[in-house]
Every structure is written in structure tokens, then in C-alpha cells.
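Taken together, the values in this text are just the output of simple stated rules run on the coordinates, not laboratory data. What you see is a predicted model, and the numbers here were worked out from it, not measured in a lab. Neighbour counts run over all protein chains shown; Cβ positions are idealised from the backbone, glycine included.
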Amino acid sequence: MSFFLFARNVMGDIPVLVNIRSGALVLIGTIVGGCLAFPVHTLRGFFSSLVDSLKPKPKTVEDLICQITALARLQRVAGLNEMNMKINAVQNPVLRRGFHMILDNYDPGRVEMMLGKEINLYLDQLQAQLNVVNRLARLAPVFGFVGTIIGLINVLNHIGSSAQIGQGMATALLTTFYGLLFANFLFLPIAGKFAEYIRREALMLNVIFDGVVAACGQRPPLEIAHSLKSYAEVDFSAPTPMPPRKGQRWNLWGGSVKQQEPAR
């Protein structure tokens, strides 16, 4: 809508740009083509994650660090029943499962392996969901060009009427216009928003992974808090990589890297 208002102010009144049938052809064709390329569970997860990415995030890295520190402190002083109640009240499922493993006396190596596997699977799912909107952004210009070809065929069928040729050519070119418009002003911005959502999820999961592994190793709560403070300094608006730290780390797309521990 903002684009049409801007175009009207620059180029004058151009009602010919508004064509419901051309827009519907491109949009419906793009969505149907994209849905046919992915399984149902990926599409369902994409729409669910997209809604989550558009919601404001009340939880910050500092809040997550405070929650991990509080659970690590309770682990030392609270009883089994009280600790189990506190863990069940945790909203983040990865953090909840991590401390449940600690409560079940899993050794640190097993906690690191199982938690790392779960994080990798989750980020792989998010990457597959990001591929959905990237595919839509690629398909929109294609269906716009297909609509243009259909319009040109219709023009050639009425080549005897000069009035219909002009109107038919304008309608045919509109589908290409709508394809480029949907790709660059709808699907690509959604893809950027979703990629930032994945980056934030990867950062939060790294905080959880470090905190749970440290708590499983019986490290003091204050030491855990100080070791996680570097994550709170990461700027969410800048696509800079996370600083190298020992242990296992995840990039944006779920790949893990095992780093060697420095010599002491």
C-alpha cells in the first residue's frame, strides 16, 4: 500500500497498477508452488515459527542468565521435590530438559551430547523453515513471468482489435510487476525477519548449552553467571559471529564446531 501511494505521488494517478486478478494469480500460484515443494510438517512449523518471530520477545539474554543461575543455586540447596517443581515451571523446553537430566544424575559428557543433539535438530528444522520463504521469494517472479506469457497469448488471440491489444499488454505486464513486488516487498523482508529470529534462537540456545553443562559440572553459580555475561554483550542487530569459546558452538544453521581446550 505504501508503494502504491508513493508511486501515485511520483507518477500521478495510475489505477492501472491495481489489478486484483493479476495479483491473485501471482500470489496464489507462488504459495501453491511453494507448498508443493515442502512436506506438511515443515510448512506447519514455518507458519508457527513465523508467528513467534513477529511477536515481541519479553525474555532477554540477561533474563535467561539469571534463570540459569537461580536454577544452579537451587541445585545446591533445594530438595529433590522442590527442584523438580522449579524445573517444571521453566518455559523453555531445552532448558527444562537440560536440568531434568542434571536432576537424574546424568554425567556431564552425556548431558553435553544429548543437549547438543537436540539443539542441532531444532536449528536444522528452523533452517528448513527458512528455505520455505526463500523458495517463495524465488517463485514469485517466475509466476509473474508466467502470467505475462498468458496475457501475451490472450493479446495475440485478439490482435485484430487495437484497443484490446493495448489493454491486454498492460494487464500482461502487470503480472511481472506483481511478481517482483511480492518477491522484494513481501517474501524477502519476511525471510530477513525470520533469519534474525533464527540467529536469536541460536544465541539463546548457546547460553542454555553453556549454562546447563556448567551446572552439571557443579561449577559455582556466580562463576556460571560471569562466564555467560559475554553473550549479553552480543548486538542482535549486527550479524557478527559469536566469540570463540571452548566446547561446542552452533552457527545460524545448526552446524556445530568442536574447539580444542587451551593448554593449561
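Pairs exceeding a 22 Å alpha-carbon distance, out of K55/K117; K86/K117; K59/K229; K55/K193: K55/K117; K86/K117. When each of the peptides 96-103, 190-197 is scored by how many other beta carbons lie within 10 Å of its residues on average, the order from highest to lowest is 96-103, 190-197.
Summing charges over neighbours of N131, with a neighbour being any other residue whose Cβ is under 12 Å away from its Cβ, gives +1 when K and R count +1 and D and E count -1.
With 5 Å bins beginning at zero, the pair-distance distribution over Cα atoms of segment 121-208 amounts to 3, 15, 17, 13, 11, 9, 9, 7, 6, 4, 3, 2, 1, 0, 0 %.
The peptide list 208-216, 167-175, put in order of mean Cβ contacts within 10 Å with the highest first, becomes 208-216, 167-175. Report note on the peptides 74-83, 224-233, 46-55, 24-33: ranked by the mean count of other C-beta atoms within 10 Å, highest first, their order is 24-33, 224-233, 46-55, 74-83. For segment 123-131, backbone phi angles converted through the Karplus equation (6.51, -1.76, 1.60; θ = phi - 60°) give residue-by-residue couplings of 5, 5, 5, 5, 5, 4, 5, 5, 4 Hz, Gly and Pro being listed as x. Computed from point charges on the beta carbon alone (+1 for Lys and Arg, -1 for Asp and Glu), the dipole magnitude for segment 81-185 about its Cα centre is near 240 Debye.
Hey, could you get me the Stokes-Einstein D for segment 50-130, Kirkwood radius over alpha-carbon pairs, 20 °C and 1.002 mPa s, rounded to whole µm² s⁻¹? Answer, rounded: 150 µm²/s.
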